[in-house]
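Quick notes on the structure that follows.
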Amino acid sequence: MTRSQTKTLLLASLLAASLNAEPGQEIAPGVRLVAYIRDPRIKESSGVVASRRYTDVFWTHNDGGGPKKQVLYAIDRKGNTRASFSVIDVTLHDWEDIAIDNAGHLFIGDIGNNNAKRKTLAVYEIDEPNPQAGTGSIAPKRLWKLKFPGAPFDCESLFVWKDQGYVVSKVFDKARAQIFRFPLKETNRPLTLELVATTKIESPVTGADISADGTLLGLVAKNGAYVFRIDGDVTRVSNANPHHTKLENQHIEGCCFVPEGLLVTSERRMIFLFTDPAFRRQ
């Protein structure tokens, strides 16, 4: 056993002890611990999406920026790494989330804005790589620079529906999270985000995903996971009462829909599954 593998197993044991749970166990009502991310390079899984082309492949990445964090990882549901690809020809300042569409594209959300110091955000489109390649590099094909419609805010959530990209504000002090959109059109100019919905969520939102058919919108926050039934219309969020499953103090960050519910990753390298019926397409 290598030193890296030993370190990973030790970390997994410590995490299991802190939760007093093994993979497969329910750790809270409607929440099951699925696995631990085993790769020691994935120190803080910040976003996750389920591949729509490759079976049991989930794309994830670390929080932050810089060469060592500009890596796209393919993992499976057991937390094993299948492939890793360096993101080249671009500098990511704060990679917070990842999104996917039905046309074989992934979207990198360089959207973090701690202390609201950034004047613009950025989203990049890449072609989904083949995880069977194992390793390699990928370069963005398109870029969207995003301006704020008012005062800058922090943001950790990105999803794509049809020809629009969406980001969700991360706010504090019981302010309600808001959803903004931008068109996925060819342009060399910065686009101003457009407010389309204000949620009833008063906890900082850290990740988002939309089901492949647009029926459900899932958001994860400091106090757990939420799901809205929107039937393809994101603006319905403003008047919708979401289903909320509580999970606190686990630092959940990324989420994606799977047939059994909402799969969620955490900063602590854990993979959870929210299993309430509301998280599954009916």
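The values are calculated or read from the model by the stated rules, or taken from the named source; none is laboratory data. Computed from a predicted structure; not experimentally measured. Heads up, the Cβs are rebuilt from the backbone with ideal geometry, glycines too, and the neighbour counts pull from every protein chain shown. Side chains are part of the model used for accessible areas, which takes the heavy atoms of the whole protein and leaves out ligands, DNA and RNA. Shrake-Rupley method; radii C 1.70, N 1.55, O 1.52, S 1.80 Å.
Which entries of Lys147/Lys246; Lys119/Lys222; Lys174/Lys246 have Cα-Cα distances beyond 23 Å here? Correct reply: Lys147/Lys246; Lys119/Lys222. Spin-label model, Lys145 to Ser86: label points 7 Å out along the Cα-to-beta-carbon direction sit 2.6 nm apart.
Spin-label model, Gln132/Thr198: points 7 Å from Cα along the beta carbon direction are separated by 5.1 nm. Of the residues Ser238, Ser45, Ser203, the one that moves most in a GNM of the chain with alpha-carbon contacts below 10 Å is Ser238.
A dipole drawn for the chain from +1 and -1 charges on Cβ atoms has a positive end, and of Ile111, Val196, Ser211 the residue lying farthest that way is Ile111.
Using mean Cβ contacts within 10 Å as the protection proxy, how do 66-72, 162-168, 268-274, 97-103 order, highest first? Walk me through the numbers on the way to the answer.
Numbers: 66-72: 16.6, 162-168: 19.0, 268-274: 23.4, 97-103: 20.9.
Descending packing order for the listed peptides: 268-274, 97-103, 162-168, 66-72.
Roughly how many debye, to the nearest 20, is the charge dipole of the range 136-282 about its Cα centre, given +1 on each Lys and Arg Cβ, -1 on each Asp and Glu Cβ, and no other charges? Show your work: numbers first, answer last.
Values: 20 positive and 16 negative charges, 63 e Å.
Taking the Cα centre of the range 136-282 as origin, the dipole is about 300 debye.
Using the crude model of +1 on Lys and Arg Cβ and -1 on Asp and Glu Cβ, and no other charge, please compute the dipole size for the chain relative to its Cα centre, in debye to 20.
Working: 36 positive and 32 negative charges, 77 e Å.
Taking the Cα centre of the chain as origin, the dipole is about 380 debye.
Taking a ≥ b ≥ c as the square roots of the eigenvalues of the Cα gyration tensor, an a/c ratio of 1.5 or more together with a/b no larger than b/c marks the range 194-282 as oblate. Projected label points at Ile27 and Asp276, each 7 Å from Cα along the beta carbon direction, are separated by 1.8 nanometres.
Between Asn115 and Asp173, the contour length at 0.36 nm per residue exceeds the alpha carbon distance by 19.4 nm.
Apolar share of the accessible surface for the range 72-146: 44 percent from carbon plus sulfur atoms, 1.4 Å probe. Partner aspartates and glutamates whose Cα lies under 13 Å from the Cα of Lys185, excluding those fewer than 8 positions away in the same chain, are identified as Glu125, Asp163.
Cα centroid separation, the range 204-248 to the range 132-192: 17 Å. Paramagnetic label reach from Asp233 (point 7 Å along Cα→Cβ; backbone nitrogen cut-off under 14 Å): within the range 135-171, no residues.
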